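Quick notes on the structure that follows.
The values are calculated or read from the model by the stated rules, or taken from the named source; none is laboratory data. Everything numeric here is computed off the predicted structure, so don't read it as measured data. Cβ placement follows ideal geometry from the backbone for every residue including glycine, while neighbour counts extend to all protein chains displayed.
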DNA sequence: TAGATTGTTAATCGATTAACAATC
DNA sequence: TAGATTGTTAATCGATTAACAATC
């Protein structure tokens, strides 16, 4: 067995992209693909594609290329998508409600098991087939449903305390939509979606070319 | 005047983060900050922070540091936030509607001037103070309101044609939420928010430490 | 003046790309 | 076998970090 070096963040971030393209290829009935083919489709360099797969041991056959389905399944396994991740949404505003409906539609192995807020006017409302509950019930929900991920969609000024709270309840990953920086630590990993930051970058790019 | 090298994407992506932190400092009444202070707050290396500002000419004073307000204003200007960007939302599903409400709340100089769909059941509904309109009206809206940005929140299978359409209407930047890769070209810049990709990365990180 | 901190160049580090032997 | 394409090492490139002279 091959010595396991730490896989860089850059490589990880490309995996979902491969995954999507391979799914498309399968749907088109294509069973075989070379790094050069994938390069044309994804816009990535073929050497880079081979390097990426090589990180995990290499899934191809010399002189042939890659078998689409088995490559798809390998990446699926690496990303942990062969099991379901349960998640809760903390903050039932616009964004939280939209995610509660959006995630199940994508059918990618992520299940929303609860959505929480403190605002009494929201409590009890149904979003899809789940009900907005008071944040007091969050800990219970996490423990009963084996929840790994908390999506944080609260206003910025509550975000830090909400993050501390879900960490205390034993959450392993935070999908953060609030405009604050959260520090990773050995117990919790963070993925930030800074929507407005992204809009600002877009604005910059528009203005500068 | 200093020779202008192309600013790297990595630098641009850090600017909104600085912007946010400087805004916080202003709100706290702090008028002066050093790269070392900023480093502690942002988690970035102080050399990197100075390098980043140096790209744009350097905004500090040796022996003193940076004046919070003037640094804030410089970054504001670089990001083009001293003017308003008008944007339209293409796709009035969960995500599109949520963005239509979310963006104005953030008060960062982005104005939603229209939201469009093809689904007749959605047409006419009010989201905040704007009405969902048929996609046929999109071109007209873009021309009348000097629209720079289109947020793409349509289902994946319509995304490519929707992108081509807004490009044809003269849009300068696409904020893409669909799970496809769009190619930049000299006329159009792209910012992708691949929500599910980000969830997958979070899943990977959770499973691997 | 002495101390602090930037502006700026140089060194380091890591990620991307190129090259090619291995091998199907 | 000849052709194709990977696995794998080496070279290149760019981004991050370190160092320190300039200067407030």
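Quick notes on this structure:
- Only a single criterion out of (1) assigned to a helix (DSSP H, G or I); (2) surrounded by fewer than 19 Cβ atoms within 10 Å (Cβ to Cβ); (3) more than 16 Å from DNA strand D (Cβ to nearest atom); (4) within 14 Å of another protein chain (Cβ to nearest Cβ) is not satisfied by residue A:98, namely (2).
- Under the condition of being surrounded by fewer than 20 Cβ atoms within 10 Å (Cβ to Cβ), more than 14 Å from every other protein chain (Cβ to nearest Cβ) and touching a strand residue (DSSP E or B) at 6+ places or on another chain (Cβ under 9 Å), the residues counted in segment B:159-187 number 2.
- From the options B:66, B:54, residue that is in contact with a strand residue (DSSP E or B) (Cβ under 7 Å, 6 or more places away or on another chain) and within 10 Å of DNA strand C (Cβ to nearest atom): B:66
- Among (1) within 11 Å of DNA strand D (Cβ to nearest atom); (2) surrounded by fewer than 16 Cβ atoms within 10 Å (Cβ to Cβ), the one test that residue B:28 misses: (1)
- All positions within segment B:24-37 that are out of contact with any strand residue (DSSP E or B) (no Cβ under 8 Å at 6 or more places or on another chain) and under 20 Å from residue A:183 (Cα atoms): B:24, B:36
- Of all residues in segment A:129-152, at least one satisfies being within 14 Å of chain B (Cβ to nearest Cβ), closer than 17 Å to residue B:102 by Cα and either in contact with a strand residue (DSSP E or B) (Cβ under 6 Å, 6 or more places away or on another chain) or at pLDDT 95 or above (or both).
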